[in-house]
Each structure stands twice: as C-alpha cells, then as structure tokens.
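A.B. asks: There's a structure below that I have some questions on.
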Amino acid sequence: MYLIEPPEGRTLRSTPWETMSSLPTREQLESLLAQRVQIFYQKYLEHCPSNVFCNLFEDKVAIVLENSLTPSTQLLADAGQQELAKKVRNDVQKALEPQFKAVIEEVLGVPVIDLLSNATLETGRTATIVVLAQPPQVQLG
C-alpha cells in the first residue's frame, strides 16, 4: 500500500493480489495467511508458533497453531495455575482481536464477521475458526 499518493494511473489496492493479473489460488491465500499469523504472533506476543495451518472453506477459515502458548502462559500452566493461564490467554486474545481481524481481512480481502478461538494448555495448540462476510476471490480449478 502506498503511504503517499499512488503513481499516476494507479489506484490503492485492498489486497496484495489485486496488483497481479490473476487471482490467487486457495493454497496461496492459505500460505500467505499462515505466514502473516506467525508474524502477528512474533510482533504482538514476542512468540512464534512452531507451525501454523490455515484452511479456507468457502466463507470460513480454520487456523491451527502448534506451540502457541507464550512463555508466560506456559509458566503459569506448568506451575499448576491453569485457570490463571487460561484467563491471561483469553484476556490477551480479546485485547488483540481487532488487530488479528485486520490481518485476516488484509490477506483475504473480505470482512471478518466473527472469530471463535480456544487453546489447549496440555498440548499448546490454539484453534481459531474465522467466519467471513463472503468467500474471498480465488482462482477456480
């Protein structure tokens, strides 16, 4: 995106794909979203999940993160403070929800209606279901 006026003859774009001559594939969107989720975790939580899996299903996205617990949440869980660890994790998730939605909307080019997320302290996995206003545009075939 341009920080100043775009060059003559160009317009501002809402997604990285609109500057390309063809639409992305579903797999390209899933891969880019997975990368951006890892960057998001590193930037805001100073923690990088070991794996991020994204799957697009029409107007829904499933995101699964492995090793997603931050060191402080893991420390609380390991010390027997599971309820406090869950509360901290949920409070941080709620605080970051607008920024997380913005990342998803930027990559997919459609509004997010709802986010449903849960983490398992025992496995360190986090799963998020994203409900979109409409399916993102992708190449057919």
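A.B. asks: Condition first: closer than 20 Å to residue 25 by Cα and assigned to a loop (DSSP other than H, G, I, E, B). Now tell me which residues in the stretch 114-141 satisfy that.
C.D. replies: Across the stretch 114-141, the qualifying residues are 133, 134, 135, 136, 137, 138, 139, 140, 141.
A.B. asks: Let me ask you something else. Looking at residue 86 and the list (1) of a type outside the set (Val, Ile, Thr); (2) at pLDDT 95 or above; (3) over 17 Å from residue 52 (Cα atoms); (4) not in a loop (DSSP other than H, G, I, E, B), which single condition is not satisfied?
C.D. replies: Against the list (1) of a type outside the set (Val, Ile, Thr); (2) at pLDDT 95 or above; (3) over 17 Å from residue 52 (Cα atoms); (4) not in a loop (DSSP other than H, G, I, E, B), residue 86 comes up short only on (2).
A.B. asks: Checking residue 31 against (1) under 13 Å from the mean Cα position of the chain (by Cα); (2) part of a strand (DSSP E or B), which single condition isn't satisfied?
C.D. replies: Going through (1) under 13 Å from the mean Cα position of the chain (by Cα); (2) part of a strand (DSSP E or B) one by one, residue 31 breaks only (2).
A.B. asks: Give the residue, chosen from 29, 3, that is modelled with pLDDT under 85, aliphatic (A, V, I, L, M) and over 24 Å from residue 92 (Cα atoms).
C.D. replies: 3
A.B. asks: May I pose another question? Within the stretch 100-113, is even one residue over 13 Å from the mean Cα position of the chain (by Cα), surrounded by 15 or more Cβ atoms within 10 Å (Cβ to Cβ) and part of a strand (DSSP E or B)?
C.D. replies: Looking through the stretch 100-113, none of the residues is over 13 Å from the mean Cα position of the chain (by Cα), surrounded by 15 or more Cβ atoms within 10 Å (Cβ to Cβ) and part of a strand (DSSP E or B).
A.B. asks: Of the conditions (1) within 18 Å of residue 132 (Cα to Cα); (2) modelled with pLDDT under 95; (3) in a helix (DSSP H, G or I), residue 18 satisfies every one except a single condition; which number is it?
C.D. replies: (1)
A.B. asks: Filter the stretch 34-50 down to the residues that are touching a strand residue (DSSP E or B) at 6+ places or on another chain (Cβ under 8 Å) and outside any helix (DSSP H, G or I) and list them by number.
C.D. replies: Correct list: 49, 50.
A.B. asks: Test residue 75 against the criterion of being of a type in the set (A, V, I, L, M), free of Cβ contacts under 8 Å to residues at least 12 places away in the same chain, in contact with a Leu (Cβ under 7 Å, 6 or more places away or on another chain) and part of a helix (DSSP H, G or I), and give yes or no.
C.D. replies: For residue 75, the condition - of a type in the set (A, V, I, L, M), free of Cβ contacts under 8 Å to residues at least 12 places away in the same chain, in contact with a Leu (Cβ under 7 Å, 6 or more places away or on another chain) and part of a helix (DSSP H, G or I) - is not met.
A.B. asks: Which members of the stretch 81-99 meet the condition of being in contact (Cβ under 8 Å) with a residue 40 or more places away in the chain and surrounded by 14 or more Cβ atoms within 10 Å (Cβ to Cβ)?
C.D. replies: Correct list: 92, 96.
The values are calculated or read from the model by the stated rules, or taken from the named source; none is laboratory data. Only a predicted model underlies this, so the values are computations on that prediction, with no experimental measurement involved. Using ideal geometry, Cβ is built from the backbone for each residue, glycine included, and neighbour counts are taken over all protein chains shown.
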